[in-house]
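What follows draws every value from the coordinates through simple rules; no lab data is involved. A quick note: this is a predicted structure, and the numbers were derived from the prediction, not measured. Positions of Cβ are generated from backbone atoms using ideal geometry, with glycine treated the same way; all protein chains shown enter the neighbour counts.
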Amino acid sequence: MSEVYRELLEQADQCRLVTVNQRLARRLLSEYDRQQTRAGRLAWMRPTILSAEQWLNQLAEQLLPELRFFSAAQEQALWEKVIREMLAHADRTLVQIPATARRAKEAHRLLQQYATGFSAAAAAPDQQVFLQWQAAYQEQLASHGYADRARLVRLLAAAVTAANIASPPLLLVGFDDLKPDLADLLEALKASGCPSSRWEPKRIEPRRRQLCRAVDAEAEVRSAARWARELVAGGAQRIGLVVPELQRYQGLLNTAFAAELDPRTSVDDGAALPFSISLGESLATEGVIAAALTLLALGRDWSLDELSFVLRTPYLELPAAGERLRAELELRLRKKRQLYWPPAQLRKQFRSSEKQGAGQLLYRCFEQLAQWSATARPAAPSDWSQRFLEQLERLGWPGQRGLNSREYQAVEKFRGVLQHLAALDQVLSRLDRGEAVALLRRLCHDETFQPEAPDGKIEVVGLLEAGGLHFEHLWVLGLHDGLLPEPLRPNPFLPYALQRQLRMPHADFGHETAYCQTLADNLFHAAETIVVSYPQQDGERPVRPHHLLRDWPDDYHGAELSHDPLQLIHVARPPLDSCVDDQASAIHSRKVVTGGTALLKDQALCPFRAFAHHRLQAAAPEGADVGLDAMMRGTLVHNLLEHFWRHCGNSTTLATLSGADLSRWLGESAESALAAFEKAEQRDLPPRLRQLEQQRLEQLGREWLQLELQRAPFSVLVELLEQSQVVSFGVLQIRTRVDRVDRLGSGKLAIIDYKTGAPDPLQWLDARLTEPQLPVYSRQYAADELGAVLFAVVKSGACRFRGLSEHDDELPGLPEKRLSQLLQEADCDSPAALSRRWQTALQGLADQLSSGWAAVDPIDTSRACRFCDLTTLCRICELTAGAGAGRGESDAD
């Protein structure tokens, strides 16, 4: 392959080489150094080999030293400012200012490149508006005393003509398509005595061409990685992979090539990848930078996700010894199920941990963040740049642990972005903190980050970056029928007829097709052996090879042996012994076991679930939602009705209440319910949310009491309302809380369990008693004392009683036909008979619990596993197909 560049590099001493991109310039310099080394030289003068961008900047410093140009960030900010000001009085709710500014900037650059323009009379409304933006942009540039960078090449052409400079000849390398302004500059240089020519490399006739049909993109990349590994092992020096859709393939490339070429990078994030890739990633996606942006963006009220991030991130000056403290604090906050946390409430949560050494440091960190979140004074971009840096330093960013090479380079790049932000003083006025952070985030997003690394034997480049490059071996990935030429996407701010007439990029199909053919011709003669691949499936869509591959032989099968550690472990796995351990230690103590009736419910649903939840204390971290979740609202309803019945006491008093008295009592009960909730949760509800909950509780209470008025006379045993009781099942003792017990007209008792969800009384007849609350409550009373066992469904628009009563006419909505039929079939058509059945089932569950039976044995995967948080622990999916799992809302009781 060196022979391809030998003739070119021999001309480097007599002319100046200008390459289409920096990658090609680095390649040529590297090849030149290699040739000098092979010639036995110890020192040499390197030739002038510049990328087009470097050459134009050098020429501008020589010919236009008096002109000043905005940076790319300043230009973008100025375009956004112009557009924002001109749309200030228009409906711009659907206008994305940054994206619109980028397209307008591109349209302006195209007009300068092609030395053209258009009149407003021949333009569409959007294009007329663009002309106004363009005029305002140029006026702003002039007012600041800056030249238009989009006109740089044409300004250079005029300066060359006026100065008649002397310069060595130019040799252009890798240019497949010259833009008109660059062509005019070259003509001006030629007229002044500086001729230029384009290098036409000798076409390499490949010795072997192969086509690889892969099942999908992942299989395609893995085949390419194994191919490259074998070539490296065989001594190949220049291996190229050209990927037209590089951004789409990048994640797969990083994973597969790292695993095949250097397995240690699979377990060491800081290890350098054994290949170079031309596409960088957004700086904002780097972990250390994403942490900085999150810390700077924290507002007055912090979301649970933000708090979780701050407690977990390694990029803060938090002691390693405090990891347990941070984990405990996060779990404590998650148990509150509160989505947003004001700093004042957070201080209360920190009080218990502040006395510890690690807790003090953590507390100071949050205090610093709280002070920062209160910062509201507007300032200039340069002031914000300094404030951002000072705030991050106060927080100890980027942390106490040492940074690896990638993180260190990202931090240095970030400092450069802060300098770009400071340079925006000339364009932007004072910003508040939110605007400044959003601007910094956008600058980081637009900044491409590609860690510096020595050139390896394998280069991965995009289609455009491949211009002028040659390799010993080449693989082209993803060359399917929908790839080239790309669909037309003309600039919306320029008349389409004008773009098509001048054959601007992405506007003329004929131009795009010809350009695509040129790229393919160069690519297919850039190496001695070439493999081209494509995935036969893209998701659910079948894919065909590109028409350029019509005559290619389909003979590549690839290396079967993988060096991926995960693959090797799988292939070499030994036979494993299986041991099912479903027996935990038995419970012998007669102490009260925590968990309440949930112990028995979990045991009924799945014995392992009960063991893991209540004996191992294993549970997924709590989530949060906006406002109050179903569980919290259920608690409020319990509190409301408890307070009301403590004052009302019986149906007679309820019936005699006037409308005004009922409203007053419900208002007081709702207020009491909210106060009790706030005390228990150790937080104050926002005023507006509290007001809405007050109204909801009063309305729901009134709707429920209308149903209670339809009952036969009863009295509530006030002393038993929400009373805590200990229920014994042999050695097993659990604590429970009875919602309500009524004395009926017959003298018997009605055991009532409030539900704000959708209870199913049919579960009372399950072989395993999966709805054990009412059965446990009724265990405290003799079977003959029971007159009714009821679910009280307190739900807006669906209030009703569900259950079983000796006298159905005493309760509205009873009997339920289906339930009554099944109870009769089970010979449990009275509360007493049903209670006796329950006690037998409850004792069986209690015996299983106390004996330690903990088998993975769900009663029904749709009921037991659907909302279970333990499926990754019990690995039920290995035993039962289709047992999907996800955390959902539990019943709101």
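So the values come out like this:
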read-out: Spin-label proximity, ARG550 to the stretch 451-494 - amide N less than 17 Å from point 7 Å beyond Cα toward beta carbon; value: 480-485
read-out: Per-residue ³J(HN,Hα) for the stretch 324-330, Karplus 6.51 cos²θ - 1.76 cosθ + 1.60, θ = phi - 60°, Hz, x for Gly and Pro; value: 5, 4, 5, 5, 5, 5, 5
read-out: Segment ASP577-SER429, extension gain: residue separation times 0.36 nm, minus the distance between their alpha carbons; value: 46.2 nm
read-out: Helical mean residue ellipticity (222 nm; -39500 (n - 2.57) per DSSP H run of 4+; nearest 500) of the chain; value: -14500 deg cm²/dmol
read-out: Degrees separating the helix 287-297 axis from the principal Cα axis of the chain, which is the longest one; value: 70
read-out: Relative contact order (%) - the stretch 72-146, alpha-carbon pairs under 8 angstrom, separation at least six; value: 39
read-out: Residue pairs, from the table LYS795/LYS817; LYS679/LYS755; LYS748/LYS795; LYS335/LYS795; LYS190/LYS457; LYS202/LYS457, whose Cα atoms sit over 29 Å apart; value: LYS190/LYS457
read-out: Positive-pole candidate from LEU804, LEU732, LEU662, dipole of the chain, charges at beta carbon; value: LEU662
read-out: Segment HIS557-ARG324, extension gain: residue separation times 0.36 nm, minus the distance between their alpha carbons; value: 78.7 nm
read-out: Exposure proxy ranking, count of Cβ atoms within 10 Å, fewest first, for ILE569, ILE752, ILE165; value: ILE569, ILE165, ILE752
read-out: Likely footprinting exposure, ILE876, ILE751, fewest C-beta neighbours within 10 Å first; value: ILE876, ILE751
read-out: Angle in degrees between helix 630-648 and the longest Cα principal axis of the chain, rounded to the nearest 10; value: 30
read-out: Mean Cβ count within 10 Å, highest first, over the residues of peptides 409-415, 634-640, 621-627; value: 634-640, 409-415, 621-627
read-out: Binned Cα-Cα distance frequencies in the stretch 72-146 - 10 Å width, integer %; value: 18, 54, 27, 2
read-out: Whole-angstrom Cα spans of the stretch 410-488 along principal axes, big to small; value: 54, 37, 19
read-out: Neighbour-limited loop hits for trypsin sites (Lys or Arg not before Pro), the stretch 492-582 (at most 14 other Cβ within 10 Å; DSSP other than H, G, I, E, B); value: ARG550
read-out: Cα extents of the chain along the three principal axes, largest first (Å); value: 117, 69, 59
read-out: Fraction of beta bridges assigned by DSSP in the chain that are antiparallel (%, nearest 5); value: 40
read-out: Gain in span if fully extended, ALA712 to GLN11, counting 0.36 nm per residue against the direct Cα distance; value: 241.6 nm
read-out: Selection from HIS563, TRP475, LEU28 lying farthest towards where the dipole of the chain points positive, charges on Cβ; value: LEU28
read-out: nm² value of the averaged projected area, convex hull over the Cα atoms of the stretch 282-449; value: 9.5
read-out: Farthest positive-ward along the chain dipole, Cα basis, beta-carbon charges - from ALA142, ILE530, LEU685; value: ALA142
read-out: √(5λ) per eigenvalue of the Cα gyration tensor, the stretch 1-154, largest first, Å; value: 44, 16, 14
read-out: Cα→Cβ-extended label distance, 7 Å offset, between ARG590 and GLN237, nm; value: 8.8
read-out: SER820/ASP661 FRET efficiency (R0 45 Å; Cβ-Cβ; nearest 0.05); value: 0.75
read-out: Centroid-to-centroid separation of the stretch 369-444 and the stretch 169-213 [C-alpha atoms, Å]; value: 43
read-out: Packing-based ranking, highest mean first, of 862-874, 197-209 given that Cβ atoms within 10 Å are counted; value: 862-874, 197-209
read-out: Rg/Rg_ref, the stretch 576-712, where Rg_ref = 2.2 N^0.38 Å and atoms are Cα; value: 1.49
read-out: Exposure proxy order (Cβ contacts within 10 Å, fewest to most) of SER119, SER533, SER405; value: SER119, SER405, SER533
